[in-house]
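Notes follow once the structure below has been shown.
The values are calculated or read from the model by the stated rules, or taken from the named source; none is laboratory data. As the structure is a prediction and not an experimental result, all values here were calculated from the model. Here the Cβ is made from the backbone with ideal geometry for all residues, glycine too, and neighbour counts use every protein chain on show. Surface accessibility is based on the protein's heavy atoms, side chains included, excluding ligands, DNA and RNA. Shrake-Rupley method; radii C 1.70, N 1.55, O 1.52, S 1.80 Å.
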Amino acid sequence: METDVMYDWNLGGSGEEPLRRVEIHEEILRDGIQCPSAHDPDIDDKLEIVRLLAACGVDTIDVGLPGAGPRAVADSQRIVELLRDEKLAPRPTCAARTHAADIRPIIEIAERTGVPIEVMAFIGSSPIRMYAEGWGEDRLEDLTRKAIRMCAEAGLPPTYVTEDTVRSRPETLRRLFVAAIEEGATCLTLCDTVGHVTPAGVRSLVRWTLALLDELGVRDRVTVDWHGHQDRGLSLPNALAAIEEGVDRVHGTVLGVGERVGNTSTDQLLVNLRLMGDTTRDMRPLHKLVRKVAEAVRWDIPLNYPVFGDDAFRTGTGVHAAAVIKAEKKGDTWLADRIYSGVPAGWFGREQEITIGHQSGLSNIRYWLHKRGLSEDEAVVQAIFEKAKTISTMLSDAEIHAIVEQHA
């Protein structure tokens, strides 16, 4: 059916294989709530978010930054206990500066819960950061070695995170990456901390890093992560470029909530991976997850937000609505879900919606009435049509029902 009615220029007729599966790492409970406009959710909300993340097939979750204080420690431990007690699939991680004061609370949580927590130890590596802080490479290497060694000796998997990797010199990265690997790092995270890089830059950096791991003979035991931000509006294409170049895991936050204008949107990333052939995750709970996060962090979802905004699958335009209606009349829900939509609403727990406004035709009105089991009497249809032509927005359900009742 699909090849009969659509030609996909994304594939160019090549029949290429679907995009390979990568792991997804969720940062909404750490990097996300660092957003100055986001509310730090109550623990019950955090636990529900974690359950929904697990239902959507997220692989790892940053449960917090325990070094931030007692509440962060308590919440992080409670989330780890939830993952353990409910046998949820995601693995817990915690962020930490490359300082013992940040790493020690993570070790203690792991000891109390009996769960090995991946430590994501970060340090600034770009020359602009080094200049502002008055750091030299010797200091960075010393902090790196001590932090990674501390994690490894405690039996926790260390991930080494270089902040602002995309603006760091290759010779600096090489020195720090080698030091981290020698001390036991099992993962390197490449960061676009300030949203600077383009897809071309991502490809160059990932290729360089993988070549270094091959040169060191450790590619079989050291993985590579990508962590991006949205300042130039390029975080999603950057994440996809990183995946195509071979990273093992990509970081994001639900709704892209994060520092400044935010991070790579996990939900948009998952949607695109599904559209590109990854069928390994259940996307039906994703809408509920997005709504829960918005509620918990007190975030307004823009009406035109992809897939999960109120207008994502809503149309009042006569031509568009007529095409959807004709597809439905053929008894073909597959066709109706794609005729005017590049994203199948049904995959993500949503459906196509037809509304009535000043650009609507009579078919919109008849469809709306039929969908709700209401009379399609011609007088009612004409009354709604005339009302719609006098306004500059969509008629509300209440307004339409009022017209119907007047003609009952």
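Data overview
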read-out	value
Residues of region 380-408 satisfying the condition of being assigned to a helix (DSSP H, G or I) and open to solvent by 50 Å² or more (accessible area, probe 1.4 Å)	382, 385, 386, 387, 397, 398, 399, 401, 405, 406
Single residue of 234, 205 found to be in contact with a strand residue (DSSP E or B) (Cβ under 7 Å, 6 or more places away or on another chain) and aliphatic (A, V, I, L, M)	205
Among residues of region 46-89, those that are part of a loop (DSSP other than H, G, I, E, B), open to solvent by 10 Å² or more (accessible area, probe 1.4 Å) and either aliphatic (A, V, I, L, M) or over 24 Å from residue 147 (Cβ atoms) (or both), counted	6
Residue in region 328-341 that is under 26 Å from the mean Cα position of the chain (by Cα), closer than 29 Å to residue 289 by Cα, at pLDDT 85 or above and open to solvent by 50 Å² or more (accessible area, probe 1.4 Å) present	no
Scope region 165-196; condition assigned to a loop (DSSP other than H, G, I, E, B), open to solvent by 10 Å² or more (accessible area, probe 1.4 Å) and over 15 Å from residue 141 (Cα atoms); matching residues	186, 193, 194, 196
Whichever residue in region 278-303 is among the basic types (Lys, Arg) and in a helix (DSSP H, G or I) and, among such residues, is farthest from residue 343 (Cα to Cα)	292
Any hit, region 294-302, residues being in contact (Cβ under 8 Å) with a residue 12 or more places away in the chain, among the β-branched types (Val, Ile, Thr) and over 30 Å from residue 360 (Cβ atoms)	yes
Meets criteria (over 16 Å from the mean Cα position of the chain (by Cα) and in a loop (DSSP other than H, G, I, E, B)) for residue 311	yes
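Yes or no, residue by residue, for (1) assigned to a loop (DSSP other than H, G, I, E, B); (2) closer than 17 Å to residue 315 by Cα; (3) touching a Ser or Thr at 6+ places or on another chain (Cβ under 7 Å); (4) open to solvent by less than 80 Å² (accessible area, probe 1.4 Å):
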{"residue": "350", "(1), (2), (3), (4)": "yes, yes, no, yes"}
{"residue": "365", "(1), (2), (3), (4)": "no, yes, no, yes"}
{"residue": "368", "(1), (2), (3), (4)": "no, yes, no, yes"}
{"residue": "375", "(1), (2), (3), (4)": "yes, no, no, yes"}
